[in-house]
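Peer 1: Mind having a look at this structure? Questions to follow.
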Amino acid sequence: MVISVANQKGGVAKTTTAINVAAGLTQLGYKVLLIDSDPQANVTQVFIHPQVEIELDQSLYHVLVNFAPLSPIIRSTGVPNLDFVPSHIRLSGVDLELAQAFDNRSARLHQAIQLVRDRYDYIIIDNPPSLGLLTINSFVASQRLIIPVSTAFFALTGLVQLQETITMVQQHQLNPDLSILGVVCTFTETTNVSRDVEQQLRQHFGELVFETTIPKNVSLEEAHSNHSHVFDHAPTSKGAEAYKALVQELLARP
């Protein structure tokens, strides 16, 4: 299954969710590929030391712009059963470059994934905080979406536009089978604002909202700075327990 983690609003724990859902699946024995489709390259920075420079021909940019095969670009994370595809800052210009293309500009990632899909049980795509061609490529390549939403005051901003983009991808036959796997509440706290936003999300999305919520937890950030995932860095932390429960809930959904 190919799953995109997406929300055009930044700071909602997209990368944290992508990394720890992917790692949580490997903990259960699944083979997972994690694709960094965000020009900020946060996934790449977690799994590659900052002093190691990623070349254009070693990143997702080369795949999307030059039709390079995905397989030679795939790298090991050092985590058993978890591989990843690096990003590059040049991805920030891909919308302009692909806007001038006439051949499958929305389906290039889908085409690349097809050649490696049989090697993995799950492919997780981390997306940029935007709804441009990078994100649309991910939506076309994916079967399901996970939407992380921070339970902060402006959390609901842009969700209508996100739903409109999903509908556009479905109705224009770019990917009619695309659907939302679930909405996950992140950065939850025992505050009135956090509780109110979570309640609004559950009223709006109903059963699509996962019962599991992801609390504010310093171990999640520490894991990134230690170039790892939370199950390795702090396996008994609240963050690890939350993502473990989220993965179990995700697997139980049809």
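The numbers here are math on the coordinates, done by the rules we state, and not lab data. None of the values given here were measured: they were computed from a predicted structure. With ideal geometry, Cβ positions are generated from the backbone for all residues, glycine too; neighbour counts draw on all protein chains shown.
Peer 1: Residue separation times 0.36 nm, minus the C-alpha to C-alpha distance between Gln163 and Thr191: what's the value?
Peer 2: Gain on stretching Gln163 to Thr191: 7.3 nm.
Peer 1: So how far apart, in nm, are the two label points at Arg90 and Ser71 if each is 7 Å from Cα heading toward Cβ?
Peer 2: Rounded to a tenth, the inter-label distance reads 2.3 nm.
Peer 1: Assign unit charges at the C-beta atoms only (+1 for Lys and Arg, -1 for Asp and Glu), then state the dipole size of the chain relative to its Cα centre in Debye, rounded to the nearest 20.
Peer 2: That gives a dipole near 240 debye.
Peer 1: Skipping prolines and chain starts, which residues have an amide H placed within reach, meaning under 5 Å, of the one on Ala68, given they are 5 or more residues away or on another chain?
Peer 2: For Ala68, the qualifying residues are Val63.
Peer 1: About its Cα centre, how strong a charge dipole does the range 37-114 have in debye, to the nearest 20, once Lys and Arg get +1 and Asp and Glu get -1 at the Cβ?
Peer 2: Computed about the Cα centre, the dipole is about 120 debye.
Peer 1: Continuing with the same structure: Dipole size in debye (nearest 20) for the range 162-229 around its Cα centre, Lys and Arg Cβ +1, Asp and Glu Cβ -1?
Peer 2: With only Lys, Arg, Asp and Glu charged at Cβ, the dipole is about 40 debye.
Peer 1: Between exposed GluC sites (Glu not before Pro) in the chain, where DSSP calls loop and at most 15 other Cβ atoms lie within 10 Å, what's the longest gap?
Peer 2: The longest uninterrupted stretch comes out as 56-188.
Peer 1: Estimate the FRET efficiency between Glu222 and Ala101 by the formula 1/(1 + (r/R0)^6), using the beta-carbon distance for r and 30 Å for R0, to the nearest 0.05.
Peer 2: For Glu222 and Ala101, the calculated efficiency is 0.15.
Peer 1: Which one, Ser142, Pro235, Gly10, projects farthest toward the positive side of the charge dipole computed for the chain from Cβ point charges (K/R +1, D/E -1)?
Peer 2: Ser142
Peer 1: Can you give the % of DSSP beta bridges in the range 2-252 that are antiparallel, to the nearest 5?
Peer 2: Rounded to the nearest five, the antiparallel share is 5 percent.
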